[in-house]
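Below you'll find the structure, written out as structure tokens, and then a few comments.
The values are calculated or read from the model by the stated rules, or taken from the named source; none is laboratory data. If you're wondering where the values come from, they're calculated on a predicted model, not measured in any experiment. All Cβ positions, glycine included, derive from the backbone under ideal geometry; neighbour counts span all protein chains shown.
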Amino acid sequence: MVQSSSATALDAAWIRRCWKKQQRSLRNLDLLLSVSTLATSIEKPPEPVDLILVVDTYYHIDNRITYFENLKSKMKIGGRIVIIDFNEKSKEGPPLKHRIQKAELIGELREAGLELKRDLQFLPNQYFVEFCSSSQ
């Protein structure tokens with residue numbers, strides 16, 4: 001069975017770095033599918049996905065509720081969305097005006113039809129929240 005990973009990014013350079021890293025160190029993946037997209041559109045992965053990971057980019061997504069409603073339809077049954085982003089107390093990361101408070105993020109994703117599954121506090125500068133479809 002061929003395992004695959006799909007990457008969507010606002011920055012084409014990030015896709016290129018991810019591809020190079022995969023070629024060097026992620027030998028367990030047979031294929032990396034690269035897709036560059038705008039935050040307001042979603043490229044449909046070739047198959048439904050198990051996990052959608054959003055790291056340090058939540059603020060940059062336009063129309064977040066609609067975006068995550070659409071992403072929900074791209075998930076396998078039992079699929080998850082994990083979001084890691086800088087908290088308001090971190091001395092690192094983007095300016096405070098570009099940070100979304102965790103409570104606001106959770107509210108938006110609930111409005112998009114997602115259910116908070118886990119809220120972990122193991123990162124010193126970021127929050128880690130995991131969601132699943134509320135219909136699953």
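Picking from ILE42, ILE106, which residue would you name as being at pLDDT 85 or above and surrounded by 15 or more Cβ atoms within 10 Å (Cβ to Cβ)?
Working: ILE42 fails: at pLDDT 85 or above.
When all the criteria are applied, what remains is ILE106.
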- ILE83 passes all but one of the listed conditions (1) in a loop (DSSP other than H, G, I, E, B); (2) modelled with pLDDT of 90 or more; (3) touching a strand residue (DSSP E or B) at 6+ places or on another chain (Cβ under 7 Å); the exception is number (1)
- What about VAL55, is it at pLDDT 85 or above and loosely packed, with under 14 Cβ neighbours inside 10 Å? yes
- Selection count, the range 82-110, where residues are among the β-branched types (Val, Ile, Thr) and either in contact with a helix residue (DSSP H, G or I) (Cβ under 7 Å, 6 or more places away or on another chain) or not assigned by TED's automatic domain parsing to the domain that holds ASN125 (or both): 2
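Just give me the residues in the range 111-134 being in a loop (DSSP other than H, G, I, E, B) and either among the basic types (Lys, Arg) or in contact with a helix residue (DSSP H, G or I) (Cβ under 7 Å, 6 or more places away or on another chain) (or both), in sequence order.
ALA112, GLY113
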